[in-house]
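K.L.:
Let me give you the structure first, and then I'll get to my questions.
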Amino acid sequence: MDNLSEVKDLKEQVSIVDLLARLGFHPIRKSGKEDIYLSMLRDSDTKPSFAVNDTLGVWYDHGLGKGGNIIDFALLYWNGLTFMDVISKIKSTCDLPLLRVNPDLNRINTRRHALKVPHYRVESVKDLGNNPAISRYLESRGILKAADGLLKEVYYFVEDEKKVRKYFFAAGWQNELGSWEVRNKYFKGCLGHKAISFIPGDTANLQVFEGYINFLSWKMDNPSSMDNILVLNTTALLRAAIKKAADFEDVSIYFDHDKTGQEAAAEFIRSSPHTIDRSEIYRGYNDYNDYLIAVPRRASEQSFFS
């Protein structure tokens, strides 16, 4: 697909409401055919003034006096990124391979948005320990002991257009919308809408991680910690995480050492000056889990059971 076709398809096929939900934003109320939000483009919005007509695929921010299609929104939301980087952000946030378009809709005269097909279904959720393959995977990542009580075994199937089902299982981590982040040796994805995950603690401290594998890696080294935990589950939810972190005075972040992680860390610190970047702990490694696997864990495992 060439770039022009890709941009056209994004504008016509991707739901603005779906994108906002995956970024952690939900309407305050409905007015006619419009969903009304607190503006995520302005920190000062106290009265809902961001309107979306998802049928037409357009939005308008009354405080900014600006509006447009999904790409116009994304360019403002991810201000500073190049045009094609913004396109990539939309695609990764919306898990576009999981979206389907109704072929019966008029391609010329009717603006379309994504038609979500129930192509997967969670059949059962069990405690860890029932499936040796899942346990072996978590053990290979060095986090099996820390995962107990925090992760589940998720059993689900995916159904194609011909109603043929394929059955899968994975370790699952739930976000605040009830969706499952699933992961096994061969697959990493999300069953449902992306959202942050928050685990309340008994201290005034907040520990922030990109993903739950890195959180559990940190927990292997800090088994007795009672701090509050915030997991982004995707850097696309950085702004939602920053907003949540504003409630805490002592914030530590543990982001990846790649370009995306370091840019996210820099933005987090700019927005929350009291934030401390703790990634020095795993200097020389891409993330906490890489460090956990590479460094002998005897001392860590002994402290976990002490």
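K.L.:
So for the pair A294, K66, with labels modelled 7 Å out along Cα→Cβ, what separation do we get in nm?
P.N.:
Label at A294, label at K66, 4.1 nm between them.
K.L.:
I've got another one for you. If I compute solvent accessible area with a 1.4 Å probe over the protein chains, what percent of it on the stretch 223-302 is carbon and sulfur?
P.N.:
48
K.L.:
Follow-up. With no solvent and one point on each alpha carbon, what is the Debye value of log10 I(q)/I(0) for the stretch 153-246 at q = 0.13, 0.19, 0.23, 0.24 Å⁻¹?
P.N.:
-0.51, -0.93, -1.21, -1.27
K.L.:
Right, something else. Quick check: with the 1.4 Å probe, what order do E210, E176, E153 take by accessible area, largest first?
P.N.:
Descending order: E176, E210, E153.
K.L.:
Fully extended, how many nm does the chain gain between V122 and T82 (0.36 nm per residue separation, minus their Cα-Cα distance)?
P.N.:
10.7 nm
K.L.:
Given H placed 1.01 Å from N in the peptide plane, which residues other than close sequence neighbours of G67 have an amide H under 5 Å from its amide H?
P.N.:
Here the answer is D61, since their amide H atoms fall under 5 Å of that of G67.
K.L.:
Take T46 and I276, extend 7 Å from each Cα along the Cα→Cβ direction, and tell me the distance between the two endpoints in nm.
P.N.:
Roughly 3.4 nm, to one decimal.
K.L.:
Using a 1.4 Å probe, what is the accessible area per residue for the stretch 174-264, in Å²?
P.N.:
It amounts to 42 Å² per residue over the stretch 174-264.
K.L.:
Another question about this same structure. Filter the cross-link list K11/K243; K89/K244; K185/K243; K11/K259; K47/K91; K166/K244 down to pairs whose alpha-carbon distance in this structure exceeds 26 Å. Working shown, then result.
P.N.:
Values: K11/K243 28 Å; K89/K244 22 Å; K185/K243 33 Å; K11/K259 28 Å; K47/K91 30 Å; K166/K244 38 Å.
Flagged as over cut-off: K11/K243; K185/K243; K11/K259; K47/K91; K166/K244.
The values are calculated or read from the model by the stated rules, or taken from the named source; none is laboratory data. No experiment lies behind these values; they were computed from the predicted model shown. A quick note on method: Cβ atoms are made from the backbone with ideal geometry, for glycine too, and the neighbour counts reach across all protein chains shown. Accessible surface areas use protein heavy atoms only, side chains included; no ligands, DNA or RNA. Shrake-Rupley method; radii C 1.70, N 1.55, O 1.52, S 1.80 Å.
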